[in-house]
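Reading through the structure tokens given below for one structure.
The values are calculated or read from the model by the stated rules, or taken from the named source; none is laboratory data. Nothing here was measured: the structure is a model prediction, and the numbers come from that model. Backbone-built Cβ (ideal geometry, glycine too); neighbour counts: all protein chains shown. Each accessible area value is taken on the protein alone, full model and side chains, heavy atoms only, with ligands, DNA and RNA left out. Shrake-Rupley method; radii C 1.70, N 1.55, O 1.52, S 1.80 Å.
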Amino acid sequence: MRASRLDPELEAHLSADGFTYDQVGRTSEVLPDDYHHLHKAVNIGTGMTRFTDAAEALFDWQMHLRSGLRVSTSSATVKHDAVVMLGIGAGPFRLNAPCRVVYVIDEPNRKGFAYGTLPGHPESGEESFVIERAADDAVMFTITAFSKPASNLAKLVGPIGRVGQMWMTARYLRSLTDAGEHQG
């Protein structure tokens, strides 16, 4: 399962759009006030092989695909400034969420990225996905986010939107728990 290529016209449009929030890059720092904060971490195994497999799956958009999202992107692998359209649902019930990669982490024992919301996303904010191999060889997968409703629908559903965000976060975390078992 692979991400599809964005339509060139949509890619150009998304690449030209500005973020829907001002605190770009803040998932790597202290999260900004006036947003809902999310921070979840799970141990996904041990060793360099687990770390490498999980990082490869993360950078190939597999976390999103294995979580049930439709992924259309400007880049087959995660890169700084890549744009992505995430979708869930079908037909008139499809929810689309455009994002742009804000930063990429590529260190020997720490890999990941963050993306920020673009106009048309139901939320406004940023989310980071980081895989880290600790000194004891444990491999941790951490998701950090700050967000608030941006669309009328997101504002209308209120707390139900938070339940949806927690559900999707749990799917993301599970998607890399068995990263070594899902090659290709």
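Which one is nearest to the chain's Cα centre (by Cα) among residues in the stretch 103-155 that are open to solvent by less than 10 Å² (accessible area, probe 1.4 Å) and farther than 22 Å from GLY18 by Cβ? The qualifying residue nearest to the chain's Cα centre (by Cα) is PHE129. Taking the stretch 57-132 and the strands (runs of 3 or more DSSP E) fully enclosed by it, the elements with 1 or more residues that are closer than 20 Å to PHE146 by Cβ, among the basic types (Lys, Arg) and touching a Gly at 6+ places or on another chain (Cβ under 9 Å) are at 95-107.
For first residues located in the stretch 72-85 and under 16 Å from MET1 (Cβ atoms), partners that are acidic (Asp, Glu) and in a loop (DSSP other than H, G, I, E, B) and lie 6+ apart or on another chain with Cβ distances below 7 Å form the pairs THR77/ASP60. Scanning the stretch 4-21 for residues that are part of a helix (DSSP H, G or I) and surrounded by fewer than 15 Cβ atoms within 10 Å (Cβ to Cβ) gives PRO8, GLU9, LEU10, ALA12, SER15, ALA16. If PRO122 meets every condition in (1) in contact (Cβ under 8 Å) with a residue 40 or more places away in the chain; (2) closer than 15 Å to VAL84 by Cα; (3) touching a helix residue (DSSP H, G or I) at 6+ places or on another chain (Cβ under 8 Å) apart from one, which number is that one? So the condition that PRO122 fails would be (1).
Can you tell me which residues in the stretch 52-64 are under 11 Å from the mean Cα position of the chain (by Cα) and of a type in the set (A, V, I, L, M)?
Residues satisfying the conditions are LEU58, MET63.
Give me a count of the residues in the stretch 22-50 that are part of a helix (DSSP H, G or I), under 15 Å from the mean Cα position of the chain (by Cα) and under 14 Å from GLU132 (Cβ atoms). Of the residues in the stretch 22-50, 1 are part of a helix (DSSP H, G or I), under 15 Å from the mean Cα position of the chain (by Cα) and under 14 Å from GLU132 (Cβ atoms).
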